[in-house]
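Structure first, commentary second.
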Amino acid sequence: MSDLTELVPRLAQQRVLVVGDVVLDEYVIGTVGRISREAPVPVLELKERRLIPGGAANPASNIVALHSQAIQAGIVGTDATADELRRVLAARGMDTSALVVCPLRPTTLKTRILAQMGLRFPQQVARVDTLTRDPVPLPTEAEVLARALHWLPRVQAVLISDYQLGLLTPALVEALRGAARAAGVLLTVDAQSSLEKYAGCPVVKCNAEDAAGFLRRPLHTADDFAAAAAELCARLDCSQAMIITRGAEGATLARPAGPITHCPAPAVSDVFDTVGAGDTWIAVLTLALAAGAAVPAAVRLANYASGIVVRHVGNYTPSPAELLAALEPT
């Protein structure tokens, strides 16, 4: 455990370009006092509205919380949501100079409506998404690439966060992959699905469901996941690592040379919400690798970081102090 403790301070002072689908997460929280006379639904009396970076902006937010710099590349619309998102990102200390305006698309907004009941955490009762999944127009794609290339020589890593909202086209991914390789810059990917787009990327992460969907077979046992990680590593030609995250079961890691490694997750007794855990995971992995950590150590540290997130409601960004506390023996 001492190796991970020593790694935590090294997560700071990195500069990471995060490219992906930015989202504004809106949490509308109220108390339930009665049932509506118009329909058999609860009436929430508004108590609080929270705005939090979501989508690809969440790993960027985690990077800043760990005392590194995040440059956010992505697209927003010309609506009021874009203004709110920019304010939220700036308040978190993120560089928004690589955000590109696309007048033809809405800024992605995910509104969660939560009911506060007694002393329990608020419970989500509905969600409304404002988005499009159409591929971005070619001029917008070109502008995003241009801004990413401007920052590439100035960063230690590029993190691709794909929420399947149309920005990360195969052409853009190919261009980013080639540019990062030519510049000798670490490239990590949170694929979430569409794994075929990320062939040739050095470090790729997906969850168990996406791995099973891509391989078209169920994955249940440790042997299943070991075989799946090895196959994905070979098929995607990952030069450094292919990682399948498995929630409470940890993560399975395959590398081109070397044994398959299973990295267990820490025991978490109170899981309130898994939202954002994967974003924290990829942010910590990227920072650790940029700091020179070995891949297994980076994966283990990412497991601990995501274990902190699931104890909170909504996107949560652990601090270095919280990460160090989680590593202390119990």
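Across region 102-134, the qualifying residues are those that are touching an Asp or Glu at 6+ places or on another chain (Cβ under 8 Å) and of a type outside the set (A, V, I, L, M), and the one among them that is nearest to T81 (Cα to Cα) is T107.
The residues of region 1-25 that are under 25 Å from E322 (Cβ atoms), at pLDDT 90 or above and charged (D, E, K, R), listed by number, are E6, R10, R15, D25.
Residue check: is L24 surrounded by fewer than 19 Cβ atoms within 10 Å (Cβ to Cβ) and closer than 30 Å to Q14 by Cβ? No; evaluated as a whole, the condition is false for this residue.
Taking the numbered list (1) in contact (Cβ under 8 Å) with a residue 60 or more places away in the chain; (2) in contact with a Gly (Cβ under 9 Å, 6 or more places away or on another chain) in turn, S319 passes all entries but (2).
Only one of the numbered conditions (1) modelled with pLDDT of 95 or more; (2) touching a Lys or Arg at 6+ places or on another chain (Cβ under 9 Å); (3) in a strand (DSSP E or B) is violated by Q72, and that is (2). The residue that is nearest to L89 (Cα to Cα), among those in region 15-56 that are part of a strand (DSSP E or B) and either among the small types (G, A, S) or in contact with a His (Cβ under 6 Å, 6 or more places away or on another chain) (or both), is G54. Scanning region 231-268 for residues that are assigned to a loop (DSSP other than H, G, I, E, B), more than 14 Å from A294 (Cβ to Cβ) and not charged (D, E, K, R) turns up L236, C238, S239, G250, P256, I260, P264, A265, P266, A267, V268.
Looking across region 17-38, the residues that are in contact with a Ser or Thr (Cβ under 9 Å, 6 or more places away or on another chain) and farther than 30 Å from A175 by Cα come down to E26, Y27, V28.
So, S239, is that one surrounded by fewer than 19 Cβ atoms within 10 Å (Cβ to Cβ) and under 19 Å from V189 (Cα atoms) or not? Judged against the criteria, S239 is a match. Being among the aliphatic types (A, V, I, L, M), surrounded by 11 or more Cβ atoms within 10 Å (Cβ to Cβ) and over 22 Å from L11 (Cβ atoms) is a description that does not apply to L66.
The values are calculated or read from the model by the stated rules, or taken from the named source; none is laboratory data. All values reported here derive from a predicted model rather than from experimental measurement. Please note: Cβ atoms are built from the backbone with ideal geometry, for glycine as well, and neighbour counts cover all protein chains shown.
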